[in-house]
1. So how much slack lies between residue A:381 and residue A:470, counting 0.36 nm per residue of separation and subtracting their Cα-Cα distance, in nm?
2. Out of B:386, B:679, B:148, whose Cα points farthest toward the positive end of the dipole of chain B (charges: +1 Lys, Arg; -1 Asp, Glu; placed on Cβ)?
3. How large is ³J(HN,Hα) for each residue in segment B:67-74, as worked out from phi by the Karplus curve 6.51 cos²θ - 1.76 cosθ + 1.60 (θ = phi - 60°), to whole Hz, x for Gly and Pro?
4. If you take every DSSP beta bridge fully contained in the protein assembly as shown, what fraction is antiparallel? Give it as a percent rounded to 5.
5. What is the distance in Å between the Cα centres of segment B:91-161 and segment A:225-286?
6. For the residue pair residue A:391 and residue A:156, what label-to-label distance in nm results when each label sits 7 Å from Cα along the Cα-to-beta-carbon direction?
7. Tell me, what does the Kirkwood hydrodynamic radius of segment A:301-407 come to in angstroms if you use every pair of distinct C-alpha atoms?
8. Report the FRET efficiency, 1/(1 + (r/R0)^6), for residue B:317 and residue B:337, where r is their Cβ-Cβ distance and R0 is 25 Å, rounded to 0.05.
Amino acid sequence: MEPLTWFGAYGSSFAPLLMVLITLAVVCGLCAALLAFTNSSPATSFSLFNGIAVLFLLLVGFSYVYSGLSGAEGGGMAPSKLGWFLATIAGLGVFAAMLARFMGTFFDDPAAFAGTIFKWAIYGVGAVVALWLLVTLVWQNAAHKEWLAGLDPAAMPAAEEISQNEAVSRLHSRGIMASIFVRFTPVWISLIVLFAVSIQFKRRLGLYGKLFDSVIGMIGFGLVMFWVFTAVYVGLFDWIATHPPLEQVSGMKNKVPGTPLRGATAEQYPFYLLGGDPLARDIFSRMVEGSVIVIRIAPMATLFAFMVGITLGLPAGYYGGKLDTFLSFLANLILAFPVILLFYLLVTPEIVLTGLPQYMALVLFLFPLIFFGVLINSRFRTQPQKNYMWLAIVLIPLFLVYASAINDPGANSKIRFWPLDFFDIPGGILVVFVSVVFVNSPTVFRIVRGLALDIQTRDYVAAAQTRGERPWYIMLWEILPNARGPLIVDFCLRIGYTTILLGTLGFFGLGLPPESPDWGSTINEGRKLLSIYPHPALPPAFALLTLVLGLNLLADGLREESLKD
Amino acid sequence: MSKIHDYSGPILEIDKLSISFFTRLREIPAVMDFSVKVAPGEAVGLVGESGCGKSTVALGVMRDLGKNGRIVGGSIKFKGRDMERMSADELRDIRGNEIAMIYQEPMASLNPAMRIGKQLMEVPMIHEGVSEHEAYQRALEVVTDVKLPDPERMLRSFPHQLSGGQQQRIVIAMALMSKPSLLILDEPTTALDVTVEAAVVELVKDLGKKYGTSMLFISHNLGLVLETCDRICVMYSGEAVERGDIETVFNNMQHPYTQALFRSIPLPGADKNSRPLVAIPGNFPLPHERPPGCNFGPRCDYFEAGRCDADFVPMADVNGDGEHETRCLKFREIDWNAPIAKAEQKGKAEVGKVVLKMDNLKKYYEVAANALFGGGEKRVVKANETLSFEARESETLAIVGESGCGKSTFAKVLMGLETATDGEILLDGQNIEHTPIENRDTKTVADVQMVFQNPFDTLNPSMTVGSQIMRALDIFGIGANDAERRQRMLELLDLVKLPRAFADRMPRQLSGGQKQRVGIARAFAGGARIVVADEPVSALDVSVQAAVTDLLMEIQRNEKTTLLFISHDLSIVRYLSDRVMVMYLGHVVELGSTDDVFAPPYHPYTEALLSAVPIADTNVEKKHIVLEGDIPSAMNPPPGCPFQTRCRWKDRVPGGLCEKEVPPVRQLTEGHQIKCHLADAELATMEPVIKLAENKAAE
């Protein structure tokens, strides 16, 4: 079987145009940046000079592309000379048209002009990619139909062979990129539905709705939700991955992306879309499986760190004095300790044997219970009946989860007193979880403490004091809700840090088992042969990058939007 | 860089200026069709409520409107040159050199990381390129001019080492460094105490004369404008509604808004029972919800449907000489001298039995130098010193004093947020001075409640209005279940005259006055008998102040509440209080009935306070007393009489007694006491500070 190409059967037709547009975007982007840097408000003579410089740079760019790529023959996607020529003409035509249209702007302010072209070139790239995807998906069966038509009607192969040929030829038409795109179909549908609904009702959705007013925020939210949906569909329905994450196929060791499986059965996906890793496992499948681990641990660990930080930070800020001094000292102590060293200590088998992670879990997991207990009790202090009802509704399930989480019937476990053990957390994950919560909570503590110090001077806090509210009510119902803006932003950022921290832990081989498909571990495995086979390390690194970037952009968008009103 | 010389026309000509801000949703016009001229050496006042666009005009002149603000029409000419056509470089030359601006918050206009001297010297060094030595000399000269003590030390200090008043003087000095032709003052004294404000205003007036600077004085305080300006321009909702000579506008106003504004401020002669204030009905329109035609139409008493709301209303000349203009269609038809329609006169409430008694209350704070190990030298802040008074049912007791006088500490001790160091507080004969609020029973807590100063801070921004009031009811144990409490909450909203629909609104959807009403409703949730109102209206606009004040008075009359009204605004105190207590640095310096306190003999501090309050009435003659210096720190109070450092009567007391001994409390007449060493004979020579002119008195 032929290996898959990156852009499939129709990629070569779009490549020249794409190249031209990308060159245009890069050149104009550089021009705009350079010109904006050299002079923000150019005098007329200087701007004429600049304009000529832009033209010159553009010509150089085009001739570079033309000469560089027209010579590149061979391979699956070599552009025909004619296509090249036409594309260059088209590109220059577009440029000339824009020049004519914005003649005045061009000589007044070349930087702005270059910026405009840059913008349109980027739009153009998007349009070409979308067009390519459309064409590829619409005509993905063309090759198969041709093959069928060419068969001798007398000697028709078996139906099985026909369907197999259909599957393989379809994949060939799509190429690697479009095949990956198709694998993610449920994610795309979910994203489209989510965005459509959210934008429709954005005026009624508070801060979340306002997020859809900011492009940055939308991009960030989209990236984050992409991985969240991926994790959900992989974890719950096993949809997106092409192979089981631990399945090894002989002959696939370190194979490049698009390599066909040797002797693939009908049920098996016939290619390794992103190639095979050093143990002949499918990199694409391991990447999407890795998202499950990250999405499962990072937000939960951050949430726990917030519970700990809030429960300790509020009283430290509100009461101040000796309590504050003591807690802040403790927080600084933890922060001053090198994180990686701390992790090494925590996962050392001897230390695990002493049960330290379990004891830490015993303490750290208790905080959500304290938090919700105090939250409810302070609110309904004056209405005992309601109080007990709510406490029971919230605390009993929480306690069951808590007891199950800290209990482990294993041989080395130190805590196994609770008979109703619903689930067990694998030892490695517990260690990772506990360590992440432990090192994150002091930072949250300091943020919450600072916010509490600020907000407690407000008149509504004084009003609550003068009507005889108890301190915890003031902390949790008067101060905390009004600190939510910075806390939400920090929450998003902190999930990002936690994700990176998980990657770091995986990279050092700490905590999680070595065969785990989490991104840190896979990057570490890929790193070993990076100079010979770069492809195993890149997909998980890219995944990690997009998720963290998405979280940061989301935090930026939230911050920006929460400031506006 | 040179200045534009040899120009004799008006310094600033603003002609039909329109400024808009552009948001994602819409264009918001902030200023429309605004014209004003400032002649050389003239001071023009720009008066209006918050949101009327007066600061936007100032920023427009400085061409500093930010990213989303734009001048959409009209022109601004500075010394005959159109500022619209100036380049960024030319504008930079003019700013700080020809036009200087003084902002409200002095600390925010000074660079906290730079010494005062450096900041001052920068101005001539940048604009005129003078040498460092010369710049230093200039700085020294200007700092001496703004009457700061020890100018050389001032130049060496950092902004945070100075008090608010000193900082504002430095800001003024900085503005004067380059001898500008136009000075824009944007509420320059709002953040300062009254006596400091009086001194700063005095200074600005003198310097204006000395340097021949034209001034654009932006303020919401009519009294202040009367004291400082030659001409006035009243703004309402983005438009100038009346413009003219200050005397003419004050005595012969030709616009209903100006009239309503004057009727809603407590001038001498207003009285809560016989001549109550007239609040302007309705609310200030939001910039994008302005009515057609006259902006003031919906709130105007003279509104005529079909005429006032038909078309854009242009400025009309009153006398035909271009000196006095008004934006009203009906100004010739309105009888401006008609007496105020008599509001219903309310009987004075009977003052009942003593509810609250303070006896020799003391509150000291210990400030340790080292918080962690408790060591080091301890310093004592004497926040309250021998505070004694009684408050009766249905009585309004005003507590007057500037910041740092200990009135907030006193309120905290009364509420139980702090416990007293010494002395007694008796509530209905029971001692509560050592009971912190968590140990007080619900009844006591509900009885003593507080209304706060800042309306934007008094409500929890994350809870609906209704749930905040219901929480208070819940805490005070009122109502058996949520349904009953909700009913009671709606009744409380009726009580403070808010529509019931507000129960489900968030605080950010309410205006300042409405928030303050919710704050009042919350305070009265448990049937409070003593309400401490800590400057409840000082942060509100003039037209809203009257309405909120009246509401408080009305509730007080119906509920027989004892109101402890903390304020520094003597006009409003005179208007609504039965008795007045003047505090200075933790001491009660004078206590008596309102009439006693506002008539001589005064305590020297009361005299200065009275003189400092600007009064927006041209018929009032005020004696001019300016206090030098600032209030001493409570951490380090002067020996002897607390007021001796600023007292102008000090030399009348023989033997330097003021510096040695704290004066004893003396009864002047029944219920009127002062804390002063002055002999009776000296006190008898005091003249009244505020005098109504003869013609007014005869009326």
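1. Going from the current span to full extension adds 31.1 nm.
2. Most positive-ward Cα: B:386.
3. Residue by residue, segment B:67-74 yields 6, 9, x, 8, 7, 9, x, x Hz.
4. Percent antiparallel among DSSP bridges in the protein assembly as shown is about 65.
5. Taking the Cα centre of segment A:225-286 as reference, the centre of segment B:91-161 is 71 Å away.
6. 7.6 nm
7. That comes to 16.0 Å for segment A:301-407.
8. FRET efficiency, residue B:317 to residue B:337: 0.75.
Computed from the coordinates by the stated procedures, all read-outs in this text should not be read as laboratory data. Given the structure is predicted, the values throughout are model-derived calculations rather than measurements. With ideal geometry, Cβ positions are generated from the backbone for all residues, glycine too; neighbour counts draw on all protein chains shown.
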